[in-house]
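Quick notes on the structure that follows.
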Amino acid sequence: MFFILFFATAGLMFLDITTLLLDPKAFKDSIDLFVERYKGKNISVVAGIEARGFIFGPPIALAIGAKFVPLRKPKKLPGKVISQEYILEYGRDCLEMHVGAVDDLIATGGTLCAAMDLLERVGAEVVECACVIELPELKGRERLNGKPLCVLVEYVDI
């Protein structure tokens, strides 16, 4: 994994997970670590946050016998939806869900907080959040209001 400076948004460092995905053993190992953690915890739904949560969420859900729910950005789902706006380090965005939260990375925590708010608004109990990578300097974990967060890798001194 490596950083790409100012990709898509000026002033933002983008952490590219492609190298993890290109290594079948490393990708499988990352999925297996989450599966071991959540196996037997009675998690009935894995919610994957667009877009890279869609990569990690489905194999975790399948392995633990849970449903997978994609949390989408605006205007990408047909029919009636509910949404939750959130603030990012580089602007605002919104998530929608058609009727534990998994993402590739936690930075400021804005996306995970919006996902938890959305899930709780529809009556879900968010047991834990899971991310492959955490950027602890950006203090996203602190915004989760004590909600457990499982991360596989902490990047420090970015």
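The values are calculated or read from the model by the stated rules, or taken from the named source; none is laboratory data. What you see is a predicted model; the values in this text were computed from it and never measured. Ideal geometry is used to build each Cβ from the backbone, glycine not excepted, and the neighbour counts take in all protein chains shown.
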**Request:** Check Leu77 against each of (1) in a strand (DSSP E or B); (2) aliphatic (A, V, I, L, M); (3) at pLDDT below 90 and name the one condition it does not meet.
**Result:** (1)
**Item:** Complete set of residues in the stretch 106-142 that are more than 11 Å from the chain's Cα centre (by Cα), over 21 Å from Ala61 (Cα atoms) and either among the aliphatic types (A, V, I, L, M) or exposed (fewer than 15 other Cβ atoms within 10 Å of the Cβ) (or both)
**Value:** Arg121, Leu135, Glu137, Leu138, Lys139, Glu142
**Request:** State the number of residues belonging to the stretch 34-58 that are over 14 Å from Cys129 (Cα atoms) and of a type in the set (A, V, I, L, M, F, W, C).
**Result:** 3
**Request:** Please enumerate the residues belonging to the stretch 106-136 that are modelled with pLDDT of 95 or more and of a type in the set (D, E, K, R).
**Result:** Glu134
**Message:** When you scan the stretch 20-30, do you find a residue that is at pLDDT 95 or above, surrounded by 11 or more Cβ atoms within 10 Å (Cβ to Cβ), over 22 Å from Val126 (Cβ atoms) and among the aromatic types (Phe, Trp, Tyr), even just one?
**Reply:** yes
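Test of understanding: among Asp93, Asp103, which residue is touching a helix residue (DSSP H, G or I) at 6+ places or on another chain (Cβ under 8 Å) and modelled with pLDDT under 90? Before you say what the answer is, go through the steps one by one.
Working: Asp103 fails: modelled with pLDDT under 90.
None of the others qualify; the one that does is Asp93.
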